[in-house]
Amino acid sequence: MTAAPSPSRPALPWGDLLAGLSVAGVLLPEAVAYAAIAGVPPMHALLAALVGLCVYPLVGTSRFAIVAPTSSAAAIFASAVAVGGPSMGFGLVLITGALFLAAGLLRAGFLGAFISRPVLRGFAWGLAVTIVLKQLPHIAGVHVAGNRAVQVLAGLAAQVDAFHLPSLQLGLAALLLWLAVHHGLRRVLFVPQSLVVLALGIAASDWLDLGRHGIVLVGQIEWQHLAVALPTMSTEHWLRMAEIAPALLLILFAESWGSVRSLALQRGDPVDANRELAAFGACNLASALLQGLPVGAGFSAASANAAAGADSKWASIAAALALAVLLWQARDALALLPLPVLAAVMVGILSHNLWPKAVISGLRLGGDAWLAVMAALAVLLFGVLFGMLLAVGSSLLLAIHRFAQPLVTELGQLPGTRDYQDATRHAEAIRHPGILIVRVEEPLFFANAEQVFQLIRNWAAGSRPDTVVLSLEVCDDLDATASEALAELAAGLRQDGIGLVLARVKDRIRDALVRAGLVNGADDAIPAYWSVDDAVQATAANRRIA
């Protein structure tokens, strides 16, 4: 008698557990460093990391995303703190989280596409340079006022004689050690190089009593009282943060969605932009209520998670547990961490972003690549907040400008076919006498419809055809403005003795034209056909009859 097979037990997610441990080792030093960038105690960044790691798996769709504070978000938070203190920063996080959640509910996952890649690259490069420059005073052991890159450089130049030599030596040694480990030993070590350098810095501080030599230490990390509370700010400050929050949302989502989507494409995983918006909203709302920094899915942490062998969202939970244990056990040790070592680690983390390779390579492509230079200069010269707003604003203005351009092409028939193509690009294309065939090259909507139809009317006035055939193949719908402008075009051409015929009219446009009374039965109805050739043949037949 054959024994019945024993029920199989689910395998323990060892890959996720090991990946979580590795990610926690990366996040701990990064969180402490990002807190220094943000200008708040480390606990605010560590709390935000714990919240992001625990909340994102409940809503998000990526199995690799690690939601925690990022360098860009920390720098923007610091700019808000400089305006009105930490409460203003937490208010910014709260409003941004609420906007994320609302965008997810409204299924606005397309928002990430409204920041062009050149703008994002330029902003990221300018931000990396700014953050690195702001670490130099910590390495030099001096205090420099100002948040903009040019202010930091001017302040450093003015205080060269006041540099603290022990701090400078320690910071440079830590940076050289980080670079040496990163380029020579990272394949041998089983722990992140940042953790190695920080651990050695803590050990040196303990053995050599570096505090007595005038070297600034991080200091005791106080436990944050876990109480849900709204930030306390004046109405004016709330309104100021409400102006900045949409731009922070776009920057965070573009950065996060880029990392989530790229890893998903590599592994063939499905991801949902609308659920990602809701997930980032929930994470930032929870972080703000617990006085944490803004969070997003940074590419470095997500890539480290995937490379460490993560197979599911349990890796994020494992990272949260490991980070909590590290924080519980290592809090006293972190108090001994020399600030020059922390600054050196931050410079090392961002060192690979300092060479503007992506910006330069983008300039060779032409087009809108010049926006990268503009975004970078805005961050360097005017600060992170203004640079962020200019980067987002320029992307939106470029999108509106592109959509609003009146792009119209004259079509001709390819010999021996029923196909119609751009007559200026195909010399063999046949133009039918008395018929001007044009095609709009952008979807028609309120911002461009009047300009497009005015261009067509001017074109018809110059060439004096009997009929204009208008192809709407790139249009999926017509809003009220476009429908009214189309009626005005038909009436204007009729006054000039020119008929208007529509071609490639899709069902939704037909429905809009029926609602507007422009087709089907009206005395001044506009003929509409499914293809350009049908429209041309019908127009030619009507002319022969006439």
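The values are calculated or read from the model by the stated rules, or taken from the named source; none is laboratory data. Since the model is a prediction, treat every value here as computed from it, not as a measurement. FYI the Cβ positions are ideal-geometry reconstructions off the backbone, even for glycines, and counts take in every protein chain you see. Heads up: the accessible areas ignore ligands, DNA and RNA and are worked out on the full protein's heavy atoms, side chains in. Shrake-Rupley method; radii C 1.70, N 1.55, O 1.52, S 1.80 Å.
Only residues that are closer than 14 Å to residue 198 by Cβ and within 34 Å of the chain's Cα centre (by Cα) were counted in the range 155-183, giving 7. Cβ-Cβ contacts under 9 Å between residues 6 or more apart (or on different chains), taken from a first residue in the range 108-122 that is closer than 12 Å to residue 252 by Cα to a second residue that is open to solvent by 70 Å² or more (accessible area, probe 1.4 Å) and at pLDDT 75 or above, are listed as 112/261. Picking from residues in the range 103-112 that are surrounded by fewer than 22 Cβ atoms within 10 Å (Cβ to Cβ) and within 17 Å of the chain's Cα centre (by Cα), the one that is modelled with the highest pLDDT is 107. Going through 460, 449, 482, 516 one at a time, which residue ends up being touching a Ser or Thr at 6+ places or on another chain (Cβ under 7 Å) and open to solvent by less than 10 Å² (accessible area, probe 1.4 Å)? The match here is 449. Just one of the listed residues (326, 336) is at pLDDT 85 or above, within 26 Å of residue 175 (Cα to Cα), of a type in the set (A, V, I, L, M) and open to solvent by 40 Å² or more (accessible area, probe 1.4 Å), and it is 336. Across the range 430-446, the qualifying residues are those that are more than 46 Å from the chain's Cα centre (by Cα) and more than 19 Å from residue 504 (Cβ to Cβ), and the one among them that is most open to solvent (accessible area, probe 1.4 Å) is 433. Just one of the numbered conditions (1) surrounded by 17 or more Cβ atoms within 10 Å (Cβ to Cβ); (2) out of contact with any Gly (no Cβ under 7 Å at 6 or more places or on another chain) is not true of residue 178: (2). Checked against (1) crowded, with 16+ Cβ neighbours inside 10 Å; (2) touching an Asp or Glu at 6+ places or on another chain (Cβ under 6 Å); (3) not β-branched (Val, Ile, Thr), residue 508 meets all criteria but (1). Scanning the range 259-283 for residues that are open to solvent by 10 Å² or more (accessible area, probe 1.4 Å) and of a type in the set (Ser, Thr, Tyr) turns up just one, 262.
Condition check for residue 474 on (1) closer than 17 Å to residue 439 by Cα; (2) more than 38 Å from the chain's Cα centre (by Cα); (3) open to solvent by 10 Å² or more (accessible area, probe 1.4 Å): one failure, at (2). Tally time: how many residues in the range 80-93 are modelled with pLDDT under 90 and either crowded, with 24+ Cβ neighbours inside 10 Å or touching a strand residue (DSSP E or B) at 6+ places or on another chain (Cβ under 6 Å) (or both)? Here the count works out to 1.
Given the criteria more than 22 Å from residue 237 (Cβ to Cβ) and crowded, with 24+ Cβ neighbours inside 10 Å, does residue 66 qualify? Against the criterion (more than 22 Å from residue 237 (Cβ to Cβ) and crowded, with 24+ Cβ neighbours inside 10 Å), residue 66 qualifies.
Among residues belonging to the range 114-169 that are surrounded by 20 or more Cβ atoms within 10 Å (Cβ to Cβ) and of a type in the set (Lys, Arg), point out the one that is nearest to residue 355 (Cα to Cα). Filtering the range 114-169 for residues that are surrounded by 20 or more Cβ atoms within 10 Å (Cβ to Cβ) and of a type in the set (Lys, Arg), the one nearest to residue 355 (Cα to Cα) comes out as 121. Scanning the range 396-429 for residues being touching a residue at least 24 places away in the same chain (Cβ under 8 Å) and open to solvent by less than 60 Å² (accessible area, probe 1.4 Å) gives a total of 11. Counting only helices (runs of 4 or more DSSP H) that sit completely within the range 66-175, those holding 1 or more residues that are under 30 Å from residue 402 (Cβ atoms) and in contact with a helix residue (DSSP H, G or I) (Cβ under 8 Å, 6 or more places away or on another chain) correspond to 71-84, 86-105, 117-140.
Screening 96, 61 for residues that are hydroxyl-bearing (Ser, Thr, Tyr) and open to solvent by less than 10 Å² (accessible area, probe 1.4 Å) leaves exactly one candidate, 96. Looking only at the range 210-226, decide whether some residue is surrounded by 13 or more Cβ atoms within 10 Å (Cβ to Cβ), in a helix (DSSP H, G or I), in contact with a Leu (Cβ under 6 Å, 6 or more places away or on another chain) and at pLDDT 80 or above. Yes: the range 210-226 contains one or more residues that are surrounded by 13 or more Cβ atoms within 10 Å (Cβ to Cβ), in a helix (DSSP H, G or I), in contact with a Leu (Cβ under 6 Å, 6 or more places away or on another chain) and at pLDDT 80 or above. Among the residues of the range 479-529, those that are on the phi > 0 side of the Ramachandran plot and more than 45 Å from the chain's Cα centre (by Cα) comprise 497, 520, 521. Scanning the range 294-317 for residues that are farther than 17 Å from residue 26 by Cα and open to solvent by less than 40 Å² (accessible area, probe 1.4 Å) yields 294, 312. For the range 34-62, the set of residues classified as at pLDDT below 90 and assigned to a loop (DSSP other than H, G, I, E, B) consists of 39, 40, 41, listed by residue number.
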